[in-house]
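Trainee: Attaching a single structure in structure tokens format; questions to follow.
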Amino acid sequence: MDLFKMFGRKKEQSKNVAKERLRLVLVHDRSQFSPKVLDMIKTDVIKVISKYAEINEEEIDIKLTKMKREKNGGSMSALVANIPIIKMKDPK
């Protein structure tokens, strides 16, 4: 077993985690979304989706990210939501 490779992987993983965190902080700063506003949006999205489907609230992932615009190639902030749906509710 190569101990250097084993320890090197952890450094590489922590480097990627730190890089992703920094990217998210920059996106939040540029989009002028405070964490409080993002939490309010998340709460509202959960309310709306819960009307129509049973969801796993513990595994919801809502975040801001940077996306390229199709028309001019510039960039824009985007709200990305990953909401695990357990089952759809019966329509009333």
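The values are calculated or read from the model by the stated rules, or taken from the named source; none is laboratory data. Values in this document were obtained by computation on a predicted structure and should not be read as measured data. Note that we place each Cβ from the backbone using ideal geometry, even for glycine, and neighbour counts take in every protein chain shown.
Trainee: Check whether at least one residue in the stretch 2-10 is charged (D, E, K, R) and at pLDDT 75 or above, and report yes or no. Show your work before the answer.
Mentor: In the first step, residues of the stretch 2-10 are kept if they are charged (D, E, K, R); the result is 2, 5, 9-10.
Checking which are at pLDDT 75 or above leaves us with none.
Within the stretch 2-10, not a single residue is charged (D, E, K, R) and at pLDDT 75 or above.
Trainee: Among (1) modelled with pLDDT of 80 or more; (2) surrounded by 10 or more Cβ atoms within 10 Å (Cβ to Cβ); (3) within 14 Å of the chain's Cα centre (by Cα), there is one condition GLU58 misses while meeting the rest; what is its number?
Mentor: (2)
Trainee: Kindly indicate the residue of the stretch 77-92 that is under 19 Å from PHE33 (Cα atoms) and surrounded by 10 or more Cβ atoms within 10 Å (Cβ to Cβ) and also modelled with the lowest pLDDT among those meeting that condition.
Mentor: The extreme case among them is SER77.
Trainee: List every residue pair whose Cβ atoms sit under 6 Å apart, with the two residues 6 or more apart in sequence or on different chains, where the first one lies in the stretch 51-66 and is over 16 Å from PRO91 (Cβ atoms) and the second, anywhere, is at pLDDT 90 or above and surrounded by 15 or more Cβ atoms within 10 Å (Cβ to Cβ).
Mentor: ILE55/ILE49; ILE55/ILE83; ILE60/ILE83
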